[in-house]
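Undergrad: I have a structure here, written as structure tokens, and I will follow up with some questions on it.
Each value in this text was obtained by applying a stated rule to the coordinates, not by laboratory testing. Values in this document were obtained by computation on a predicted structure and should not be read as measured data. Backbone-built Cβ (ideal geometry, glycine too); neighbour counts: all protein chains shown.
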Amino acid sequence: MRDNWTYLLFIAFVMTELLEKAIAKLKTLPPKQQDAIASLILEELEDENIWDQAFEQSQDALAKLAAEAMAEYQAGKTQPLDPETL
């Protein structure tokens, strides 16, 4: 997990123009709305962090599944996917 102060300093220096514009608009909202939007943003960032960690920890399993799928394909055990039949 990121050190919050380090992260805040980091984004303060590399924030995109669009993000700066969004934050400037957020500053004009009442505190309750600012907090609600801030909570949504922080939750989204945390969710992204959780997904990143899950994918990092699953690389071996994903590689094994990919190898199995390729072996089945090469052995002729697969069939073309028809989106119309899904």
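Undergrad: With respect to residue 25, is the statement that it is of a type outside the set (S, T, N, Q) and outside any loop (DSSP other than H, G, I, E, B) true?
TA: When the stated conditions are applied, residue 25 passes them.
Undergrad: Can you find, within the stretch 21-67, the residue that is surrounded by the most Cβ atoms within 10 Å (Cβ to Cβ) among those that are of a type in the set (Asp, Glu) and under 16 Å from residue 7 (Cβ atoms)?
TA: Only one residue fits best here, namely 46.
Undergrad: Another question, then. Pairs needed: first member in the stretch 67-86, free of Cβ contacts under 8 Å to residues at least 40 places away in the same chain and assigned to a helix (DSSP H, G or I); second member anywhere, surrounded by 10 or more Cβ atoms within 10 Å (Cβ to Cβ) and not charged (D, E, K, R); C-beta distance under 8 Å; at least 6 residues apart or different chains.
TA: Matching pairs, first to second residue: 69/78; 72/78.
Undergrad: Let me ask you something else. Take the stretch 28-56 and flag every residue that is in a helix (DSSP H, G or I), of a type outside the set (A, V, I, L, M) and over 15 Å from the mean Cα position of the chain (by Cα).
TA: The answer is 31, 32, 33, 34, 35, 39.
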